[in-house]
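Quick notes on the structure that follows.
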Amino acid sequence: MNGKKEHYTDMFQWAMLVLNGIAVAFLCTFIYVTTNRIRANYDARDFLGRVMTIPDNPRTNLWLCLILFGLLMVNFVFRYFLQMRNSRGSAVSLIVEMLICVVIIYRLDFNYNGLLLLVFANVIAYVKDSKAKMAFLLLAIVGYLLADYELLSIYMPLFNMSDYVSYYTFTSQQWLFCIWNTMISLNIILFVGYCFSVINLQRGTIEEVNVLYHELQNANEQLSEYADMAEKMAQTNERNRLAREIHDTLGHSLTGIIAGLDACLALVDVAPQEVKKQLKLLADVSRDGMKDVRRSVSELRPDEMERLSLNASIRKMVTDMGRVSDTQIYFDGGGEKLEFGEDEENIIYRVIQESITNAVRHGHAGQIWVTLKRINGEVLLEVKDDGIGCKEVKSGFGTRHMKERIEMLGGTVAFDVQKGFKVTAHIPIRWGESYD
Amino acid sequence: MKALHNRKIIAAAVLLFLLLVAGGLYDAGTGPVVLEFGMFTGSNWNVANANSFLIIDEAIARFEAAHPGVKVHYYSGVPREEYSEWLSRKILAGEEPDVFMVLGSDFDQFSSIGIMKNLDELIGQDADFDAEKYFQSALNTGKYGDAQYALPYETVPTLMFVNQTLLTKEGIEIPDADWNWDEMYDICRRVTRDLDGDGILDQFGICNYDWLDAVYSNGGEIFQADGKTCYLAEDSVVEAVKYIRQLNELYQGQKVAQDDFNGGNVAFMPLTFAEYRTYKTYPYKIKRYANFKWDCITMPAGKAGGNVSQVDTLLMGISANTRKEELAWEFLKLLTYDEEIQTQIFSHSQGASVLRAVTQSAEMEAIVQAEMEEGETVISGKLLGKVIEEGYTAPQFKKYEQALALSDSEIGEILENDKTIDSNMKILQRTINSYLQQ
């Protein structure tokens, strides 16, 4: 649809070019032919007595104007087919065109300045840079106002086409004026039509951009819905897996333990030896269950934690995060090597991960400092950033999760929203304790 | 990459265009330089002139010798009557000569439409050129507005022809050079007589003396210099017209014709210096005025003026579109400013030189004397110079010719039909003013 509109605009431009060519050729030829006629009729002296002035040499003028207009057309065609839009080439071409027009108008003693409308039209079409367009247009408008025959003939002697027309009989004069004025009007009409088509074209483009923008927005919304859905599905899957796991391991063991304990209750008075044996068996089952639980938990651990130590995992996460989010993240893991239980490691890891994610996503932080060290038998975990922070701590940022996790380890956590966002957690650690 | 490609194409196109232009210029630049000169055949002064080419030919020979590689070409065979149209046709086609003669009736028109080159710049640049060497009146005829558009080539003052035989017969002395209207009226009154007693006057005082002659000698002007208003109702003009009526009244309604003059029956008649020279020399001397002795004096002075008469000047100018400005100026200067060439005017033409030094020289008197019979007195260079210098030159503006023709016919009507001069001149002034201001 836009292609069709553009086609109309081009058509107007070509029509103006052709019409202006005809007008220039008509004027020059008319002056030349009339001059010859006056000379042939020996009316020259009489004619000179009636004019303001005459062109230097009508024949030279005719050729010069035709050649110049030819050059103008070549220039136009070059520009059109080479598609020199908004390049330096098109600027040069437009300046050349303007100069040619000025020379032709000057040679015709300002009897025809419609050529400037052609320049206007081309400036509108080719100059996209708004500053350059304004400069060109200003030049063309000033030119159009100044290149007015009636105005200039006050200041300088200019030959007048009407003087040449008045050499003919009254009827011929009427026809000549009719043809000439039609050409001038047609040129203006074409120019107005051209302007309309350009406006139309530009309006079309704006509408198209709007439509595309809406489509893009819809797609974005859909995409985020998909992402939410995918997250929920992952959560559901995880829950299902946990349920299965609990059912398969803990449920299995507990079922066995309950059954065994019931048997023990029945036997305890009858055969205490048997009970003892049975309890030993149940202890084994419980240990196996414990192993299963441990295995299940270890399956939930992050990949890094499987392979690396806590410090190394955190470092890796910090590096990865820094790389993907364009944020500087500094990690201070303290001097000594700290030993934690797996669940402690998991929680510390998750808290740090959540804090960094929050700092990047909500705080738009440029720098993040992570500190993890031992103070008075406790572990101090601190994550602070230089981001925008927030007015008050909202539980939506995953802070409730963090709090819950740390409380599970019997620790405390505090959030500070001045100067970015700061998470401070104190966690009592079961140093060296084990489940065994 | 594409932009580079485009740039190459544009550069090639520009180069091609420049080559074409250069080629055209080169083509135009080869071959001998030809300077075109436009002139008419015959005299500008309505007298026969067989030698009009002699001066020009000599000037061309000298010019070509001084400028090797330059040829001067002129169009021969254009009679004076056709010259204006011939030149106009050339001008219209943009093919006018580089240097050309311009008639007085064309000068203002051609200057106004920008065909004549403004010479002020060339004059200013030329250190050898001293405008003071020209008669001021002759130089002024080449001015349009405040600028010099043409230089004078040959000038012809109007003189008063005196029939010596008639005056001697009537016992009247030849008037002095500073005579006035009253003296002339007195002589005219005394000589106007019916000789054969048939009741019809057959001896007259003056013929062909018109109101313009009277206005000029009465210090009058007809038009303002810029051609916007006329002075027809001014005292100097009204007095002049009244003087003409006074003279006409002597003839009791009879018309004085050229034949009466040729027959030796008229005492005075204005005639040009060109006519003076033509009819003083063989063979024209025999054709006319053979049966009486005659001479020339100045015009009589009016109450408010001097012994002033109109001076006609043949002008030469340069085309505003010439490409050989320097050469054209040199050639124009040779024709109008060179004393040797200007002296030739007395040998081969009927006018007078426009240079003071030439016209007032003893050489000029010798040349003119040589063509005359012995015993004839030659007009002195001093007197001739005075007449030219003080001569009246008409202002130059576009409507001058038409406005003057209109005034002349209306005043002719006033005189013919005995209309009241004072009131009718006021009406005429208003009419002419409205024409001028159109």
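The values are calculated or read from the model by the stated rules, or taken from the named source; none is laboratory data. Please read these numbers as outputs of a predicted model, since none were measured by experiment. Reconstructed Cβ throughout: ideal geometry from the backbone, glycine too, with neighbour counts over all protein chains shown.
Of the helices (runs of 4 or more DSSP H) lying entirely inside segment B:48-122, those carrying at least 2 residues that are more than 21 Å from A:N41 (Cα to Cα), of a type in the set (A, V, I, L, M, F, W, C) and away from chain A (no Cβ under 14 Å) are B:52-66. If you go through segment A:166-187 and pick out every residue that is part of a helix (DSSP H, G or I), touching a residue at least 40 places away in the same chain (Cβ under 8 Å) and either among the small types (G, A, S) or in contact with a helix residue (DSSP H, G or I) (Cβ under 7 Å, 6 or more places away or on another chain) (or both), you end up with 4.
Here's the yes/no breakdown for (1) within 30 Å of B:F53 (Cβ to Cβ); (2) assigned by TED's automatic domain parsing to the domain that holds B:D57; (3) touching an Asp or Glu at 6+ places or on another chain (Cβ under 9 Å); (4) surrounded by 15 or more Cβ atoms within 10 Å (Cβ to Cβ):
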| position | (1), (2), (3), (4) |
| --- | --- |
| B:V354 | yes, yes, yes, yes |
| B:G385 | yes, no, no, yes |
| B:I388 | yes, no, no, yes |
| B:S407 | no, no, no, yes |
| B:I411 | no, no, yes, yes |
| B:D418 | no, no, no, no |
| B:L428 | no, no, yes, yes |
| B:I432 | no, no, yes, yes |
| B:Q437 | no, no, no, no |
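It is to be established whether one or more residues within segment B:216-234 are touching an Asp or Glu at 6+ places or on another chain (Cβ under 6 Å), modelled with pLDDT of 90 or more and not polar (S, T, N, Q). Yes, the conditions are met somewhere in segment B:216-234. The number of residues in segment A:416-426 being out of contact with any helix residue (DSSP H, G or I) (no Cβ under 6 Å at 6 or more places or on another chain) and assigned to a strand (DSSP E or B) comes to 4.
Would you check if there is a residue in segment B:162-173 being more than 14 Å from chain A (Cβ to nearest Cβ), touching a residue at least 60 places away in the same chain (Cβ under 8 Å) and in contact with a Lys or Arg (Cβ under 6 Å, 6 or more places away or on another chain)? For segment B:162-173, residues more than 14 Å from chain A (Cβ to nearest Cβ), touching a residue at least 60 places away in the same chain (Cβ under 8 Å) and in contact with a Lys or Arg (Cβ under 6 Å, 6 or more places away or on another chain): present. For segment B:325-351, the set of residues classified as outside any helix (DSSP H, G or I) and within 10 Å of B:E154 (Cα to Cα) consists of B:S349, B:Q350, B:G351, listed by residue number. When you look at A:E207, is it in the same structural domain as A:V275 (by TED's automatic domain parsing), acidic (D, E), under 44 Å from the mean Cα position of the chain (by Cα) and more than 30 Å from A:L281 (Cβ to Cβ), yes or no? The answer is no for A:E207.
Meeting the requirement of 2 or more residues that are surrounded by fewer than 20 Cβ atoms within 10 Å (Cβ to Cβ) and touching a residue at least 40 places away in the same chain (Cβ under 8 Å), the helices (runs of 4 or more DSSP H) wholly within segment B:200-319 are B:235-249, B:258-262, B:284-287.
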